[in-house]
Structure formats: structure tokens, C-alpha cells
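Working notes for the structure below.
Values quoted throughout were computed directly from the atomic coordinates according to the rules given, and no laboratory measurement underlies them. Quick caveat, the model's predicted, so the values are computed rather than measured. For neighbour counting, all protein chains shown are included, and Cβ atoms are generated from backbone atoms with ideal geometry for every residue, glycine included.
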Amino acid sequence: MTRLSSATLASLPATIRQPGYDRAALTPGIVHLGLGAFARAHLCEFTDDALEREFGAWGIIGASLQRPDQRDRLKPQDGLYSFLKRAPSGPEIRVIGSVLDVLVAPENPQALVGCLAAPETRIVSLTVTEKGYCHDPATGRLKADHPDIVHDLENPDAPRSAIGLIVAGLAARRAAGLAPFTALCCDNLPSNGHVLSGLVRDFAALRDDGLSQWIEANGAFPSTMVDRIVPATTDADIAEVAGLLGHEDAAPVIGEPFRQWAVEDVFAMGRPRWHEVGAQMVTEVAPFEFMKLRLLNGAHSSLAYLGYLAGHETVAAASGDPVFARFLHGLWSEIIPTVPAPQGVDLSAYTRDLLARFQNPAIRHRTWQIAMDGSQKLPQRLLGTIRERLKAGAPIDHLALGIAAWMAYVTGLDEKGGAIDVRDPLAAEFALRAKALGRDAVALSAALFGIAAVFGDDLPREERFTGLVAGHLDNLFQKGAKATAAALG
Ligand code: CS2
């Protein structure tokens, strides 16, 4: 079977949507750090649509910050890949053309910095996951002792972190008399533009105060809320795509039909016409962010831990279990009062739609995938909500069960005594505590509450919260996730 590429585009079945613009004439304007599946199913699709609407110099150069595999898959395909949208009613496939090239940062960091500093680069977007920001998740501040930050301060011209790369690119632009690019954070962090700007300026100040002031005066860091459920691509997906294309594609992405993008419209050097293809350009992203991080991601994480413990492999299976569907309703009723609804949005309808998205039988989103990196996710997904509910004296039973399920999960033992592959920057710390304290729910929860990067200094002192979590954790150990959730009513 021949490979998808510019040369084979013409031989694709006529039913398959292809880039509707002159791709040979496309030149770069965006550098994207962290070209994983999510970006290719979101930013790159929005950009592909915008290029069809109005052609311009907005091609994307992707950069992988760790491994070469994405480049190795995409290069032979001239950056082309297919996007398989899985609706409950059946799949739909298209080929995306907005990615022009992929660089691998560790192979040649100078080449990537050169690309960031190039005059035609007007936007540098990022999806590097929560832990890619080298910050303290509880406070949002730069971890100056993070090994990648220490490395980048010692090697400012050959950085390896996203923050170090952005600052190197901005420093080179300043030296060349160019304006800064817009840095566009597309990760699930609260006030993500604001957080990124703080981290970039903190890092720049460690190099040169003048640089930090120049960035503060001239830089642009729009906040964004990004949404689309994108499970990891499997071998079965690759085989299905080959059948549909009649060509081999080593790098397809899979996603649900729904997509949303709310973007603060503050760009330093222009942007594609994303607003004409469904992006919402807004002055205040915060209400969208609260809605999405708390209602979608908060529920996703809680369900991932509970569902995994109960033996559900996917979100569709876990949310299709009536006990966990009821749990989600209870959880959402605790979260909704803390979320200011974006204009024109009915939050009950939003959660109804969320349940349908979670239950989409065509999407196999593994609970294990979402369970990853909980230490970096819980603060913005669940703990902010819990703080507000505690202050209001409002019930938090369901929210506390989400946290207890995370604690049970990070012990590394499932309900049948099998090992859990816990992926988290703090996995070794969890394992130490679990080894020392076993299934003593009070002692173990107290030890985990002591991780200030997750819980801050305040939550361990909130006895209503710690008591509820310890009680739930004990029930999880004694009765299991399903019975514990069922008992919440
Ligand atoms: C998920 C998100 O992996 C996770 O933690 O909660 O990736 C989620 O699917 C997206 O944010 C949906 O937009």
C-alpha cells in the first residue's frame, strides 16, 4: 500500500475531503510546540479550515520537544495526516494539510530557536501538557529548581523546555529588532495565557531583567479554552484509516465531532481567520475556562480514577454504568454553583451534552490515559472548586470522592490486587507513601495531603474536607469504587 503524501493526494477516493487551498503555495506563520494528537485534531484543523476560508501565510511548523517519532511518521507524508471523526452514527474522515514540517528540539535546539526568531513566525502555540510548563501546579509559579529550567539557564542557546525555548526565541527577536510573536497556550490550565506570560517573564528575569521588561511591554499571551475529546490513536485505528484512504497513514488522529475554542483576541502580529470557522473570539476567557476545566475535566478525572478502579477500560463504559452516571450528576450539581455561566450558555444543558459526549460509544478514551499526571491536573480541575464550596459551607461529598479515588489509584494497586501503571511526575513520592502506609486510609490520605505542590498549605487544614476524603478512601479500600459511589445516592 502506498503512503499518504503530496504525491498520492490525487489518488485518494473522491469522497475524502482534502485541503481546499493551494498547499504548494503555503508558507509558515505558526510554530507549534508539542505536536501531539490533540493539537493536530484541534488547532491544526481550525487552521486548515481558516486557510480554506482565506488563504494566507499561516502554515504550521510543528516541534516535538522530546522524541522524534512524530517527525518520523509525518515527514514521509509531507506533513499530511488524516483526521477520523467518530460520531455515534459513524466515522467521517478528512486529510489535514496545515502542518508543513516537524522539527525535533533535542536533535537541534538551535534550529528550532532560529525558527522561533524568524520574522515570518507570528504565533508560537503550545500543547505541552500541564507538566510541560515546569511550574508548581498549586501556585502557577515557575519551579526554578526544575531540572529542565536549571538546564536551560545554563544553556540558554540550547534549551529543552517550552519556557526556555520561548524565551530564547524572544531574546533572539529582541536582539534582531523584531517584535515578539504571540505565545498562544492551548493547554488545560486556568488563565493559561496569564500563567504562561508569568512563567516566561520569571524565566527571562533569571537571564536578564531588560528582556523580561521588554516581554512585559511588548508580548502577547492570549488565554484560550480548548476542547475536543481526542483519545490516543491505536493500531486498530491506523488499520481502519488505511481501509478508508486506500493508502497507508502512519499518523492519523481520532476525535469526537464536537470542538470548541474560546480565544482572547489579543494577538501581536495577526492571526488566521479562526473566528470564521467556529472559534469564539472573546474578551473574557475565564467563564469558558471555569466551565470546561471544572465541569468537563473535573468530571473526566474523577470518573477516570473511579472507573479504572471499578475495572472500566474506557470513559464510555464507565459513564455508561448507571452508578457512575448518577455519580456524575451529583458531582456536577456540586460544581455548577461555582461556575459563572458564559453568556448564553445553560450549564445544565452543557452537562447533559457532556454526558452524551462521554458516552459516545465510538470513542475509546481510556480511563488510564486520563488518569495520567493527576498531580498536575487536580488543582485546576477539582481543588479550586472544593476551596470555594468549603468557603460557602456547601456539600462536597462527590468532589471529595474524586480526590479519594485519585489517592486509591496512586497507591498503584487496583481492586483485584493488580499493579497500576501510575504515570505522574510525582509517582515515586506516591509509591513511597503507599509502601510505608499500606491501606491505612487516615494515615495515607494525611501523607498525600502533605504534598503542597498539589494541595497547597490550606487544604490539609480543612477538616471537613480531609475527613470526608479519608472516609471515602477507607470505603474504596474496603468496598471498592462502585459500591462507594453507589452509597453516595
Ligand atoms: C482529559 C482531557 O486527558 C485528560 O486529562 O481530561 O484531555 C480532555 O479529553 C480534553 O481536555 C477535552 O477537551
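Grab the Cα-Cα distance for Ala486 and Thr139, subtract it from 0.36 nm times how many residues apart they are, and report the gain in nm with one decimal. Could the numbers behind the result be given before it?
Details: separation 347, 0.36 × 347 = 124.92 nm, distance 3.44 nm.
Length gained between Ala486 and Thr139: 121.5 nm.
Computed FRET efficiency, Cβ-Cβ of Ala172 and Glu284, R0 41 Å: what is it to the nearest 0.05? Mind dumping the intermediate values first?
Numbers: r = 33 Å, r/R0 = 0.80.
In this case the efficiency is close to 0.80.
Which peptide among 375-387, 240-252 comes first, and what is the full order, when sorted by highest mean count of other Cβ atoms within 10 Å?
Numbers: 375-387: 23.7, 240-252: 19.7.
Packing order, densest peptide first, comes out as 375-387, 240-252.
When the helix-only estimate is applied to the chain (DSSP H runs of n ≥ 4, each -39,500 (n - 2.57), divided by the residue count), what is the mean residue ellipticity at 222 nm, nearest 500 deg cm²/dmol?
Details: 23 runs with 220 residues, N = 489.
Per the formula, -13000 deg cm²/dmol.
Scattering from the C-alpha atoms of region 108-164 alone, worked out with Debye: what is log10 I(q)/I(0) at q = 0.15, 0.23, 0.25, 0.26 1/Å?
Computed log10 I(q)/I(0) values: -0.49, -0.98, -1.07, -1.10.
With labels modelled as points extended 7 Å from the Cα through the Cβ direction, what inter-label distance (nm, one decimal) is found for Val150 paired with Gln66?
Each label point lies 7 Å from its Cα, and together they span 2.0 nm.
Ranked highest first by average number of other Cβ atoms within 10 Å, how do 168-178, 358-368 line up? Mind showing how you got there, number by number?
Details: 168-178: 17.5, 358-368: 19.2.
Highest-to-lowest ranking by the protection proxy: 358-368, 168-178.
If the chain between Leu355 and Asp22 were fully stretched, how many nm would it gain, using 0.36 nm times the residue separation less the Cα-Cα distance?
On the way: separation 333, 0.36 × 333 = 119.88 nm, distance 3.98 nm.
Once the chain is fully extended between Leu355 and Asp22, it gains 115.9 nm.
Treat each spin label as a single point 7 Å out from the Cα along the C-beta direction, and report the Lys391 to Asp457 distance in nm.
1.8 nm
Order of Glu276, Glu289, Glu462 from fewest to most other C-beta atoms within 10 Å?
Ranked by crowding around the Cβ, least crowded first: Glu276, Glu462, Glu289.
Quick one: 3J(HN,Hα) in Hz for region 171-179, Karplus 6.51/-1.76/1.60 with θ = phi - 60°, rounded, Gly and Pro as x.
Rounded to whole hertz, the list is 4, 5, 5, 4, 4, 8, x, 9, 6.
Fully extended, how many nm does the chain gain between Asp346 and Arg464 (0.36 nm per residue separation, minus their Cα-Cα distance)? Please report the intermediate quantities before stating the final value.
Values: separation 118, 0.36 × 118 = 42.48 nm, distance 3.07 nm.
Result for the pair: 39.4 nm of gain on full extension.
Testing the spin-label approximation: label points 7 Å from Cα along Cα→Cβ at Asp157 and Ala232. State their distance in nm.
3.8 nm
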